[in-house]
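This report concerns only the one structure given below.
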Amino acid sequence: MATKVNKISRGNVIEYEKQPCLVIECKIVAPPNMSALCQMQLKNLKTGKTIHNRTNVGDSYEVLHKEIKDLEYSYKAGDMYAFMDLETYETIEVTPEVVGDAKDFLIEGKEYQIFFVDGNALGVELPGSIEMKVIEAPEVVRGDTSGNVQKTVVLETGVEVKTPMFIKQGEIIKIRPEDKSYQGRA
């Protein structure tokens, strides 16, 4: 059923150009001497691209049913990523396209939020910071510690991040997944 844009709010998922899109922002503006418009910022859930849309207030879009489930990452089988629903113990396989860049931060046994629209998994939501173990860290050479010198370390999933020189192998650190930046020790 189509819903008028003045009833659509942030967090809804709409069908825009035959693609499911998350509404990031939706505001009605009324410029002087013009009819009211709706400015929407959308995120395409299949491609990840951000779309800026300007439409008339009288236009309608199909609002899709969305659901966010907390699932535990179990393992990777071939190309597919297996997650387990902790309530039903059902295994849900997710494609690499849906997982996207989150693959660098998936740790077996940890819970992640999976975004479903009409029963289909469309994305993995990562928390603001993730705690990960450092498995490789080069030794500090005396004299290299002046200023804000950083080194590249390898984390348990194989992803490389820049950290301060004092981080050692075996330590657990906090990483912001958006830009792979060091946040501090855990």
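Side notes on the structure shown:
- Carbon/sulfur fraction of accessible area - the stretch 1-80, other protein chains in place, 1.4 Å, %: 47 percent
- Separation of the Lys66 and Lys4 label points, Cα + 7 Å toward Cβ, nm: 2.3 nm
- Å² of accessible area per residue within the stretch 1-61, as computed with a 1.4 Å probe and no ligands counted: 64 Å²
- Mean residue ellipticity, 222 nm, helices only, the chain: the sum of -39500 (n - 2.57) across DSSP H runs of n ≥ 4, divided by residue count and rounded to 500, is -500 deg cm²/dmol.
- When the Gaussian network model of the chain links Cα atoms closer than 10 Å, the mean-square fluctuations of Phe115, Phe166, Phe83 top out at Phe166.
- Note on Lys43 and Thr152: the model spin-label points, each 7 Å out from Cα along the C-beta direction, lie 2.8 nm apart.
- Using R0 = 45 Å, the C-beta based FRET efficiency linking Met34 and Asp179 works out to 0.70.
- Relative contact order [Cα under 8 Å, 6+ residues apart], the stretch 22-71, whole percent: 28 percent
- A 1.4 Å probe over all protein chains sorts Asp118, Asp59 by accessible area into Asp118, Asp59, starting with the largest.
- Relative contact order [Cα under 8 Å, 6+ residues apart], the stretch 42-186, whole percent: 17 percent
- Long-range HN-HN contacts of Lys110 with modeled amide H, under 5 Å: Tyr73
- Residues within the reach of a label modelled at Asp118 (point 7 angstrom out along Cα to beta-carbon, backbone nitrogen below 18 Å), restricted to the stretch 22-63, are 22-23, 43-48, 60-63.
- Our compactness index for the stretch 99-168, the C-alpha radius of gyration over the empirical 2.2 N^0.38 Å, is 1.49.
- Full extension of the chain between Lys168 and Glu90 gives 24.2 nm of extra length, using 0.36 nm per residue less the Cα-Cα distance.
- The alpha carbon centroids of the stretch 1-39 and the stretch 45-103 are separated by 21 Å.
- Among Glu87, Glu15, Glu171: highest mean-square fluctuation, GNM of the chain, C-alpha pairs under 10 Å: Glu87
The values are calculated or read from the model by the stated rules, or taken from the named source; none is laboratory data. Model, not experiment: these values are computed from the prediction. Quick reminder, even Gly has a Cβ in these numbers, built from the backbone with ideal geometry, and neighbours come from all protein chains shown. To get the accessible areas, we keep the full protein, side chains included, count just its heavy atoms, and leave off ligands, DNA and RNA. Shrake-Rupley method; radii C 1.70, N 1.55, O 1.52, S 1.80 Å.
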